[in-house]
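Undergrad: Structure below; questions to follow.
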Amino acid sequence: MGRDETFKQQERRLKEYEMVSNRNLEKQDTQLGYRDMNTRFLNAEKQELENRKNADVNKIMEAHAQKKKQIESAWHTNTTNSVKELKKRAPKKGSEKTAAYYAGYSMKDLEVFLKNSDRGGNSDEFNNVATDLELYNRVMDSADAREGMGLLLQLKESCSKYLTTRKSPVTSNGKIRKAIISQLSQKVETELEKQRNDYLNAQKNTLEAMREQTDAGNVDAAMKAHYELVFQSLAGNIQLTPEEMNKLDMETEEVLKELKKQDVDKNQSNSLCSKFFNAIGWSGNDPRIVGYDEFHGKEMENSPHKKLCYHSIDPLPIYEDGKVVGTEKNALPQAKQLAGFSKEGKRIYYGIGRFGKGVYTAARDDSPGATDQEAKSHSWTYGEKKGAVMFTMLLNEHARITTEKEMLDRTEELMKKFPRIFDFIRKNEVGRFRDYTTIYAAFLGYNTIIGEGAKNVEYISTSDRKALTMFDKVEVRTDEEDDLYTDDVSLTELKNAENSVVENNA
């Protein structure tokens, strides 16, 4: 779906977007039509299937065609009443065959008009516009704003292709469709220009403010604005000249140098990673905490990963005069911080791991016979002491997933286009492993990395808790010799107790 992505990457991103869409479905909505109707995806899938042995390409494409007919029919049926309501506030003068007629409608309104215009079969060009618009409207209801620009550029491309192939429609319906898409194209162009200016101005203005006064607020704002512009450039959404890219590289390095001087929460690691994610806001995002039925029902269904993920925390050692003299009773204080409600500090502790600092979890890998229990048992090896706490989680629709192998390839692009940023991060995020990988991934649009772990187990590093759904019950280990002996503790009850303490002390 993105620039230069393999089909596997496109399919993974589409799955993430489908999960976002599924949470936003209204009663009258169909499932997202992109997978079955957009030729950008269908052509990539067909090419991928043709390279596989024993893939029945014709059968798979025919299944898409049948689904396409069903969706088109549902589009028309589900939007009939909505269109009647929309037309009640149409201009008193003017024809619905002109673009001006639709000027006062939002992009969501135009989606309704497009879906209702079906009369028994749409062209590929028309469905590309309709599905790109549907994707943008559904995803942007709850996704990060920075993702919108790429989706708008896809929509712009589809509008342009439709309009160049429908210069002089003859039928009344054809003229209406052209009018709707012409108005949509204008709105997309306006929004793209606005967003481009917003990103450029934010980078310029925050840098000036930081240079005038290097307080924490100005440095964080500058880091966020520079991060977002670099991301849009790497994604191909904003085109910069070589001179502009070099200037942005130098200025972002300047911001990173100031960022390195900033403080972190007392229970965060004093690392560039913590400071970076504090600045762009990811470390303060909350996870979603749910009970058993929702966790194993809706959350599992809407997970793009659909595997149980386990995270264990050992109790911290107790120090006196620089020496370890014992161990804390349990790891519940750290559990509260991970869950985002500790009164001592709510932002993530970015732990070390094989491919970047983050919240590490273990899940079964794709090996035949791999089980959740193997992943759980492996996770317990990181929580062997009495009082250790284990979380059970899922990646949710906010996860933007890449793999360790893909990151090794993609970081070369960052190194070539922004060498100063690349070098500064690599030299200043130093650890036992490739600790800098998590920040590189963020610049490339990812908050979750999946890589090799142990036998039948994959490791997952997540830098944004927004991508995590936590099961409300955590396990507290009661026996150092056997991880089967645990007590269940409710995160919701812990949170309520923590909030009560804060209120009483206020």
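The values are calculated or read from the model by the stated rules, or taken from the named source; none is laboratory data. Computed from a predicted structure; not experimentally measured. When we count neighbours, we look across all protein chains shown, and the Cβ atoms used for this are built from the backbone with ideal geometry, even at glycine. These accessible areas exclude ligands, DNA and RNA; they are computed on the full protein's heavy atoms, side chains included. Shrake-Rupley method; radii C 1.70, N 1.55, O 1.52, S 1.80 Å.
Undergrad: Ranked from highest to lowest mean number of other Cβ atoms within 10 Å per residue, what is the order of the peptides 244-251, 492-499, 422-429?
TA: 422-429, 244-251, 492-499
Undergrad: Here is the link list: LYS46/LYS298; LYS343/LYS455; LYS336/LYS466; LYS67/LYS161; LYS194/LYS260; LYS97/LYS156. Which ones come out longer than 27 Å on Cα distance?
TA: With Cα atoms farther than 27 Å apart: LYS46/LYS298; LYS343/LYS455; LYS194/LYS260.
Undergrad: Going down the table (LYS93/LYS115; LYS275/LYS417; LYS84/LYS175; LYS92/LYS187), which pairs top 26 Å between alpha carbons?
TA: Violating the 26 Å Cα-Cα cut-off are zero pairs.
Undergrad: Rounded to the nearest 0.05, what FRET efficiency do THR77 and LYS108 give with R0 = 22 Å and r taken as the Cβ-Cβ distance? Could you check?
TA: Efficiency, rounded to the nearest 0.05: 0.75.
Undergrad: Let me ask something else about it. At a 1.4 Å probe radius, carbon and sulfur cover how many percent of the accessible area of region 288-328?
TA: Result for region 288-328: 50 percent of the exposed heavy-atom area is carbon or sulfur.
Undergrad: Label-point separation (nm) for MET245 and ASN197, each offset 7 Å from Cα along Cα-to-Cβ?
TA: About 2.6 nm separates the two model spin labels.
Undergrad: Residues with amide H under 5 Å of THR327's amide H, sequence separation 5 or more or different chain, H placed in the peptide plane at 1.01 Å from N; which?
TA: The answer is ILE318.
Undergrad: Ranked from highest to lowest mean number of other Cβ atoms within 10 Å per residue, what is the order of the peptides 408-414, 281-287?
TA: 281-287, 408-414
Undergrad: How would region 174-310 be classified by its alpha-carbon gyration tensor: rounded, prolate or oblate, with rounded meaning a/c under 1.5 and the a/b versus b/c comparison settling the rest?
TA: oblate
Undergrad: Now a separate question. Heavy atoms of the protein only, probe of 1.4 Å, neighbouring chains included. What is the accessible area of ARG12 in Å², nearest 10?
TA: 40
Undergrad: Also, quick follow-up: For n ≥ 4 DSSP H runs only, could you compute -39500 (n - 2.57) per run for the chain, divide by its residues and tell me the 222 nm figure to the nearest 500?
TA: The helix contribution divided over the chain gives -17000 deg cm²/dmol.
Undergrad: So, one more: Give me the extension gain from LYS416 to GLU480: residue separation times 0.36 nm, minus the current Cα-Cα distance, reported in nm with one decimal.
TA: My answer for the length gained is 18.1 nm.
Undergrad: So between MET300 and GLN66, what do we pick up on full extension, going 0.36 nm a residue minus the alpha carbon distance?
TA: 81.5 nm
Undergrad: Using a 1.4 Å probe over the heavy atoms of the protein chains, calculate the carbon and sulfur portion of the accessible area of region 412-506 as a whole percent.
TA: On region 412-506, the fraction of accessible area on carbon and sulfur atoms equals 45 percent.
Undergrad: Also, quick follow-up: Could you give the dipole magnitude of the chain about its Cα centre, charging the beta-carbon of Lys and Arg +1 and that of Asp and Glu -1, in debye to the nearest 20?
TA: Once rounded to the nearest 20, the dipole reads 2320 debye.
Undergrad: Still on this model: Sort 83-94, 134-145 by the packing proxy (mean of other Cβ within 10 Å over each peptide's residues), most packed first.
TA: Highest mean packing first, the order is 134-145, 83-94.
Undergrad: Turning to a different aspect of this structure: Taking amide H positions as placed in the peptide plane 1.01 Å from N, state which residues far from ARG434 in sequence (5 or more) or on other chains have amide H under 5 Å from it.
TA: GLY356
Undergrad: Under a 1.4 Å probe, what is the accessible area of the chain per residue, stated in Å²?
TA: Ligands and nucleic acids excluded, the result is 48 Å² per residue.
Undergrad: So what J values fall out for region 241-253 if you push phi through Karplus, 6.51 cos²θ - 1.76 cosθ + 1.60 with θ = phi - 60°, rounded to Hz, Gly and Pro as x?
TA: Taking θ as phi minus 60°, the curve returns 6, x, 5, 5, 5, 5, 5, 5, 4, 5, 6, 5, 4 Hz for region 241-253.
Undergrad: Between the alpha-carbon centers of region 70-101 and region 267-333, tell me the distance in whole angstrom.
TA: 49
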